[in-house]
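Notes follow the structure.
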Amino acid sequence: MNLAPRLTLVVKAAADPLLTAQPLRQVIAGIRPDVPVTRFRTVDEVFSDSVSTPRSTMWLLFSFAALALLLSSVGIYAVVAYTVAQRKREIGIRMALGARAHDILRGILSRSLIVTSVGLGMGLAGALAATRVLRSLLFQITATDTVTFVAMPVILLAVSLIATYVPARRAARVDPAITVRYE
């Protein structure tokens, strides 16, 4: 008789699976001494092994997403800080002509909000287009998960506003006399 190189036997036992291993080895050896019994595993171990690759992929993608969020927030901060620094003279003149600090702050935040909203719209369109490709890589989540498609734009919008707020607040505190004099 030609046996498959690998055979799985599933046994339901009321006792501890590790305690039933030796008696099962003896029963199998009594029936077919030429069949080697290599290892015993619980159903939980078999299940864990079967989902370990998708789970690893999920954690890898999560790590990349967290890194992308960090890099995007640093990038947004750097771009806004540079833009505000380039507009320092303009902001100083506006404040010298009577613009209030909260008007400057609101103007910078609103421009950032517009740019971020356009970027989020394009990103959501790209994400929806990519769902067909990524569907096979997802584990325990649908490709068009509502929570993901709502939570991520909200998180990115919040990160953008926070990253914009610091340089905008600094620009709103500028002394117009000093700014106009040195520029």
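Is it true that ALA81 is more than 33 Å from the chain's Cα centre (by Cα) and either within 23 Å of ILE155 (Cβ to Cβ) or not polar (S, T, N, Q) (or both)? Criteria not met by ALA81. Taking the criterion of being exposed (fewer than 13 other Cβ atoms within 10 Å of the Cβ), β-branched (Val, Ile, Thr) and over 16 Å from SER73 (Cβ atoms), the residues of the stretch 137-183 that qualify are ILE141, THR142, THR144, THR146, VAL147, VAL150, ILE178. Among residues of the stretch 82-103 that are within 11 Å of ALA171 (Cβ to Cβ) and in contact (Cβ under 8 Å) with a residue 60 or more places away in the chain, those with a Cβ under 6 angstrom from a residue that is in a helix (DSSP H, G or I) and polar (S, T, N, Q), sequence gap 6+ or separate chain, pair up as LYS88/THR179; GLY92/THR179.
Can you find a residue in the stretch 31-39 that is part of a helix (DSSP H, G or I), at pLDDT 80 or above and not assigned by TED's automatic domain parsing to the domain that holds ILE141? Yes. Residue check: is ILE141 outside any helix (DSSP H, G or I) and either under 30 Å from PRO54 (Cβ atoms) or in contact (Cβ under 8 Å) with a residue 12 or more places away in the chain (or both)? In short, yes. Take the conditions (1) in the same structural domain as ILE162 (by TED's automatic domain parsing); (2) out of contact with any helix residue (DSSP H, G or I) (no Cβ under 9 Å at 6 or more places or on another chain); LEU97 misses just one of them, which is (2). Counting only residues that are closer than 20 Å to SER160 by Cα, small (Gly, Ala, Ser) and touching a helix residue (DSSP H, G or I) at 6+ places or on another chain (Cβ under 6 Å), the stretch 48-94 holds 2 of them. Exactly one residue out of VAL159, VAL133 is without any contact (Cβ under 8 Å) to a residue 40 or more places away in the chain and either assigned by TED's automatic domain parsing to the domain that holds ALA66 or charged (D, E, K, R) (or both), and it is VAL133. From the list ARG55, ARG89, ARG94, ARG106, the one residue that fits, being basic (Lys, Arg), more than 28 Å from the chain's Cα centre (by Cα), assigned to a helix (DSSP H, G or I) and under 30 Å from THR148 (Cα atoms), is ARG106.
The values are calculated or read from the model by the stated rules, or taken from the named source; none is laboratory data. Worth saying up front: this structure is predicted, and the values here are computed from it rather than measured. Here the Cβ is made from the backbone with ideal geometry for all residues, glycine too, and neighbour counts use every protein chain on show.
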